Amino acid sequence: MIEPGGAAMPEPSAADIRLVIAASSAGTVFEWYDFFIYGTLGAILSKAFFPSGNATLEMLLFWLVFAVGFGFRPLGAVLFGFLGDRLGRKYTFLATVMLMGVATAGVGLVPPAATIGYAAPALIILLRILQGLALGGEYGGAAVYVAEHCSPARRGYYTSWIQASVMGGFVLSLVVVLSCKALMSEDTWKDWGWRVPFVLSLALLAISLWMRLKLSESPVFKAMKASGELAGNPFVESMTYPGNPRRLFIALFGVAAGLTVIWYTAMFSGLSFLKSAMRVDDTTAEILVGIACVIGMPFNLLFGHLSDKLGRKLPIVLGYLATLLLLFPAFWLIGAAANPALADMARRAPVAVQGPDCAYSAFAAEQTTRCSKLLADLSSSGVPYRLSRGARLSLSAGDEALPLDRYPWDAKGPVRAKEVRGLLESAGHDFTKVKPDLAHAAVIVLGLVALMALSGATYGPVAALLAEMFPARIRYSSMSIPYHLGTGYFGGFLPFISALIIARTGDPYAGLWYTWVVVVIALVVAAWGLKGGMPRDFADDAG
């Protein structure tokens, strides 16, 4: 390992490396637990803080506010990247974990909109902003800290523990939610019990702080400080350092954007798909995704290790190619196994809507025409449909026309949705939540694990890759900014954009096209811009 001045630095001992990885990974698990717990409890939070009478709108507003946290991650990357490059890696990511823990506990203490009105969503938005700022500084700090303790020959494997711990945060959020639900009655859980996982973040914060306080500063940062090589303004230098604008572009569009949409499609889209479109029992869906995450975590370590042997570029490019080939088949496999009766009914009696004035708006609290109201009711019920124009409004299931003469057009959305479900049930559709048998559950887990493997191929090597792409004096800022622009905007808005596409098309698989297109862009940029060859420390002549 070479210090900024060019002299060789002693390699840390095995015990030192274990402590560095454990403390950095544990803190990352806890921080991502905080962030994921919000997404895991989407069905409850959307009703508590964004009530509108339109179930589709409630969920879209929920995902939009979820995306707000991601939207502020780049600002957090700028702020904490500046501090990390100027003041040090250790104390900066101590600050980020404190901010994250306090903001998450706050979500669990905000009264519902029924009690304090619009102040409730306003407070949630504020807390999500604080979460986003904190997370914008966390990943870069942890990744840089681990990367600067090891040589390129082992850097991919060591830093891949950071990537695996992100998935660990998702698993921890599911475990805590399922445990709380198991210890409470359903009424207690829906009334106030859902707040417990948020408040528990204070205990996780205490553990994380205790572990990170035991760490010393990064040896690379100490060497830069001793030799007077610290950046004057890391943000400005990140934009002006020779070759850095090109590297930032590649890191954003060729790395962060692609790996993030794969990751969030595997995690959030997979869980939402099971719960809503496939009507799998909520707890069962959470358990299946949790099992898949546990099985899938080692893929991050595997591909991180392989990147030490094969170079960083190859696993990422091959992961993108495999995603383009396998994304839709994996979800088709999951869908067919999750609810075979639903898939069979969709083939035998597909739902079709025909009529005039069918301009459905997913953002309207109430639709303006009868056709758009019918589409809203189908969307909120998770029913896929085909839409065509016609002179007269009609609803059919297969060859059977369903009567709309007594449809409660002037009633609220939930009343109408109940009516449309009743009509479809009379035609053979079943809206009962299902619990797949063991064989089908195994197939679901297999499909989810395939998605986790695709994520691991692109995500496992990324911390080492980004650390090696940028000079040490501006490394925290330079790797954090494109990473969080990519994850914050391409990934953070994925659940919202996917839900919007599905609501507009009536096709539960249509939202996957967003992921597919972003991965195509990432593949082109990564194949063109990433350096091949064996891993190596940053050098100006390496580009």
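Before moving on, here are some points about what is shown:
- Candidates Thr283, Thr265, filtered to the one that is in contact (Cβ under 8 Å) with a residue 12 or more places away in the chain and either outside the structural domain of Trp528 (by TED's automatic domain parsing) or buried (at least 18 other Cβ atoms within 10 Å of the Cβ) (or both): Thr265
- Subset of region 201-227 [crowded, with 19+ Cβ neighbours inside 10 Å and under 28 Å from the mean Cα position of the chain (by Cα)]: Ser201, Leu204, Leu205, Ser208, Arg212
- Sub-7 Å Cβ pairs linking a first residue in region 107-136 that is exposed (fewer than 14 other Cβ atoms within 10 Å of the Cβ) to a second residue that is at pLDDT below 85, at least 6 apart or interchain, are Pro111/Ala120, ordered by first then second residue.
- Boolean, Ala223 is among the aliphatic types (A, V, I, L, M) and at pLDDT below 90: yes
- Restricting region 389-406 to residues that are in a strand (DSSP E or B) and touching a residue at least 40 places away in the same chain (Cβ under 8 Å), the residue that is farthest from Ser426 (Cα to Cα): Ser394
- Residues of region 83-134 that turn out to be over 25 Å from the mean Cα position of the chain (by Cα) and either among the aromatic types (Phe, Trp, Tyr) or not assigned by TED's automatic domain parsing to the domain that holds Val177 (or both), as a count: 2
- For region 421-438, the condition holds for no residue, the condition being that it is modelled with pLDDT of 85 or more, among the β-branched types (Val, Ile, Thr) and either more than 29 Å from Glu286 (Cβ to Cβ) or over 29 Å from the mean Cα position of the chain (by Cα) (or both).
- Listing of helices (runs of 4 or more DSSP H) fully contained in region 128-241 that carry 3 or more residues being in contact with a helix residue (DSSP H, G or I) (Cβ under 7 Å, 6 or more places away or on another chain): 152-183, 196-199, 201-213, 219-226, 234-240
- Residue list for region 425-469, restricted to those being within 27 Å of Leu523 (Cα to Cα) and of a type in the set (D, E, K, R): Glu468
For (1) modelled with pLDDT of 85 or more; (2) part of a helix (DSSP H, G or I); (3) over 18 Å from Gly243 (Cβ atoms), each residue gets a yes or a no:
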site: Ala442; (1), (2), (3): yes, yes, yes
site: Ala463; (1), (2), (3): yes, yes, yes
site: Arg475; (1), (2), (3): yes, yes, no
site: Ile481; (1), (2), (3): yes, yes, no
site: Ala510; (1), (2), (3): yes, no, yes
site: Trp513; (1), (2), (3): yes, yes, yes
site: Val517; (1), (2), (3): yes, yes, yes
site: Gly532; (1), (2), (3): yes, no, no
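- Within the set Ala251, Ala322, Ala266, Ala337, the sole residue that is closer than 21 Å to Val383 by Cα and not β-branched (Val, Ile, Thr) turns out to be Ala337.
- Qualifying residue in region 362-374 (condition: exposed (fewer than 15 other Cβ atoms within 10 Å of the Cβ), aliphatic (A, V, I, L, M) and assigned by TED's automatic domain parsing to the domain that holds Gly156): no
The values are calculated or read from the model by the stated rules, or taken from the named source; none is laboratory data. Predicted model only: the values in this text are computed from it and were never measured. Note: ideal-geometry Cβ built from the backbone for every residue, glycine included; neighbour counts use all protein chains shown.
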